[in-house]
1. Of all strands (runs of 3 or more DSSP E) completely enclosed by region 86-191, which ones contain at least 3 residues that are touching a Phe, Trp or Tyr at 6+ places or on another chain (Cβ under 9 Å) and surrounded by fewer than 18 Cβ atoms within 10 Å (Cβ to Cβ)?
2. For the subset of region 78-95 comprising residues that are touching a residue at least 24 places away in the same chain (Cβ under 8 Å) and over 16 Å from the mean Cα position of the chain (by Cα), which member is farthest from L121 (Cα to Cα)?
3. Starting from residues that are basic (K, R) and either buried (at least 20 other Cβ atoms within 10 Å of the Cβ) or under 17 Å from T100 (Cβ atoms) (or both), keep the ones in region 19-60 and report whichever is modelled with the lowest pLDDT.
4. When you scan region 70-81, how many residues do you find that are of a type in the set (A, V, I, L, M, F, W, C) and loosely packed, with under 14 Cβ neighbours inside 10 Å?
5. Among L16, L6, L67, which is the only one that is surrounded by 21 or more Cβ atoms within 10 Å (Cβ to Cβ), at negative phi and not in a helix (DSSP H, G or I)?
6. Mind checking whether some residue in region 117-130 is out of contact with any helix residue (DSSP H, G or I) (no Cβ under 8 Å at 6 or more places or on another chain), at pLDDT below 95 and not basic (K, R)?
7. In region 20-41, what count of residues is obtained for those that are under 22 Å from E122 (Cα atoms) and outside any helix (DSSP H, G or I)?
Amino acid sequence: MFITELTEEQLQGITLLYGTAASGKTTACLEALSARSIYISTNKNFNLERLRKLKPDADEIIRQLVLFEPKDLTEMEKAVTAATKLSSMATILVVDSIATFFRTAERKTANLALHRMLKLLEEAKCPVLLTSEVYDYLRESRHEFVGGDMLRVASRTIIELKEGTATVKKHPLHTGRIWNYRITDKGLEKN
């Protein structure tokens, strides 16, 4: 799995992946799955056929997978609550994408919901992998993940995926590490 290669350790606490569309966020999430995983898919992006291409043991993973597909912010909070309660029996809890419903919700409501969900996810008994969409600031040629400071503070590790480059933005030991990758049928592969 590319995240563990990049940080030279197994996932711990909350890890945030962010990047533009088609940067490999969902592929990284699917690569991270193993038996007894929990997956919250907010963009209808959980793809069984893609998982089968990436993982030789996909059928076993699917058999033991707990999958949530919330359709709005209220269902998202319920899914995070249920997933956190199940986390002691899981190897990983994936939320792809934590901020999907925030752009359509009233700002205060969205911020309070994100705060509550992050508090729950911080208490998870297994590693948590989150993805976030980005706001593009075209004039400044930069982008920032949706969820801002709340996600930044809650995440132990933050990795930006951009144009085939993974950059560790926050980590106790490896901030600044860069890894060039490409998306293939086998996942995210180092260039």
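1. Details: elements: 92-96, 128-132, 134-137, 142-145, 157-162, 165-170, 178-184, 187-190.
In region 86-191, the matching strands (runs of 3 or more DSSP E) lie at 165-170.
2. Within region 78-95, the subset touching a residue at least 24 places away in the same chain (Cβ under 8 Å) is 79-81, 83-84, 86-95.
Next, only the ones that are over 16 Å from the mean Cα position of the chain (by Cα) stay: 81, 86, 88-89.
Numbers: T81: 8, L86: 11, S88: 12, M89: 15 Å.
Checking each candidate, the answer is M89.
3. Initial filter on region 19-60 (basic (K, R)): 25, 36, 44, 50, 52-53, 55.
Still in the running and either buried (at least 20 other Cβ atoms within 10 Å of the Cβ) or under 17 Å from T100 (Cβ atoms) (or both): 25, 44.
On the way: K25: 93, K44: 83.
Filtering first and then ranking leaves K44.
4. Step one: list which residues in region 70-81 are of a type in the set (A, V, I, L, M, F, W, C), which gives 73, 76, 79-80.
Next, only the ones that are loosely packed, with under 14 Cβ neighbours inside 10 Å stay: none.
Number of matching residues: 0.
5. Values: L6 fails: not in a helix (DSSP H, G or I); L67 fails: surrounded by 21 or more Cβ atoms within 10 Å (Cβ to Cβ).
Answer to the selection: L16.
6. Checking region 117-130: not a single residue is out of contact with any helix residue (DSSP H, G or I) (no Cβ under 8 Å at 6 or more places or on another chain), at pLDDT below 95 and not basic (K, R).
7. Residues flagged as under 22 Å from E122 (Cα atoms) and outside any helix (DSSP H, G or I) within region 20-41 amount to 9.
The values are calculated or read from the model by the stated rules, or taken from the named source; none is laboratory data. These numbers were taken from a predicted model, which means no experiment stands behind them. Cβ atoms come from the backbone with ideal geometry, glycine included; neighbour counts cover every protein chain shown.
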